[in-house]
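The values are calculated or read from the model by the stated rules, or taken from the named source; none is laboratory data. As the structure is a computational prediction, the values presented were derived from the model and not from experiment. Because the Cβ atoms are built from the backbone with ideal geometry, glycine has one as well, and the counts that use them run over all protein chains shown. Calculation scope for accessible area: heavy atoms of the full protein, side chains included, ligands and nucleic acids excluded. Shrake-Rupley method; radii C 1.70, N 1.55, O 1.52, S 1.80 Å.
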Amino acid sequence: MSQSFKPHLFVQHVKESQGYTKPKMGFSGLPLPEKDKEKQGNLVLTSLQELWARFEEEKEYTTRHDIPMRKGEYITVKGEQGQSLEVDSLSSHGGAFLNIKKEKEIEEATIFIPFEKKEALLKKVSQYLTEFTSSGNPKHQKLIDKIALVHRASVEDLWTGDLMLLPQEEMQWCELWFALNEESFTDAVFHQIKERCDYFNIVYSTVRQFFPERTIVAIQANGVQLEHFFNSCDHIAEIRRAEELNRFWTQELNTLDREEYIEDLTQRITYTDSNNVVTIP
């Protein structure tokens with residue numbers, strides 16, 4: 001990251017080192033839920049196997065009909081109430097942790113697993129069923145016993161905010177938050193995203209907003225288009241309704257009146273000329 005990257009957000013040369021102990025997160029103090037190993041392991045294993053079987057069927061269909069399709073699967077894992085999901089273990093060995101939601105002490109984590117990396121999580125579930133640790137517990141017990149449900153993620157699982165704001169029949173501007181930083185969000189990646197948008201007749205912005213772990217691209221789509229795009233694109237961590245700018249300032253105010261507002265504002269501000277930067281949301 002360059003030294004000039006968003007200096008108003010990432011302040012340089014003002015820090016002071018202090019001792020720090022990471023607090024305990026989530027509900028890790030609770031004991032694991034009591035599970036029947038065979039029933040629990042087969043529940044998770046069957047869910048994953050069915051999920052990947054459906055993926056392969058759709059991959060065959062889209063390839064045959066020359067329809068764009070993503071190269072992996074979005075998976076949402078719902079935890080047992082009061083339990084913190086082992087997200088690092090869920091997304092290790094090639095997967096990517098995208099987001100986590102918490103409601104009424106229940107966590108739901110969404111991950112993305114490339115098709116060629118699908119065996120890693122399946123192997124852990126199989127080991128849970130057949131292998132034991134030196135202490136006599138099933139392997140990966142903390143990972144598997146905390147899981148209540150596994151299913152294929154949908155647009156709703158990645159949507160951040162009120163579900164009532166999801167696009168329906170009318171096209172709406174949405175923000176796609178990709179789990180890619182400025183370095184990994186290459187021109188080739190952006191070109192592929194634009195190709196997907198063109199294929200599904202989706203309007204898109206050519207502006208990219210970069211953050212340390214996310215890149216944002218705005219698109220205008222209805223519900224069907226958004227679903228198609230989601231099914232064709234990798235690495236989407238979140239989808240949000242784009243904030244609309246105030247129409248009064250952007251459309252209704254003419255140039256002459258705008259200059260008067262600016263002049264009036266500058267007359268009422270007292271400041272010292274410096275290199276300080278102010279961010280106004």
Q) Only one of (1) under 19 Å from K139 (Cα atoms); (2) part of a helix (DSSP H, G or I); (3) open to solvent by 90 Å² or more (accessible area, probe 1.4 Å); (4) of a type outside the set (D, E) fails for R54. Which number is that? A) (1)
(Q) Considering only the stretch 145-168, I want to know if a residue exists there that is under 30 Å from F211 (Cβ atoms), modelled with pLDDT of 95 or more and of a type in the set (F, W, Y). (A) yes
Q: Just give me the residues in the stretch 148-163 being among the aliphatic types (A, V, I, L, M) and touching a residue at least 40 places away in the same chain (Cβ under 8 Å), in sequence order.
A: A148, L149, V150, A153, V155, L158
Q: Could you run through the stretch 59-79 and say how many residues are open to solvent by 50 Å² or more (accessible area, probe 1.4 Å) and either touching a residue at least 40 places away in the same chain (Cβ under 8 Å) or among the aromatic types (F, W, Y) (or both)?
A: 5
**Q.** Single unsatisfied condition, Q83 versus (1) modelled with pLDDT under 95; (2) surrounded by fewer than 19 Cβ atoms within 10 Å (Cβ to Cβ)
**A.** (2)
**Q.** Selection from the stretch 197-216 of residues that are under 23 Å from N99 (Cα atoms) and out of contact with any Leu (no Cβ under 8 Å at 6 or more places or on another chain)
**A.** R208, Q209, F210, F211, P212, E213
Q: Please determine, by comparing only the residues of the stretch 30-51 that are of a type in the set (K, R) and either part of a helix (DSSP H, G or I) or free of Cβ contacts under 8 Å to residues at least 24 places away in the same chain (or both), which one is least open to solvent (accessible area, probe 1.4 Å).
A: K37
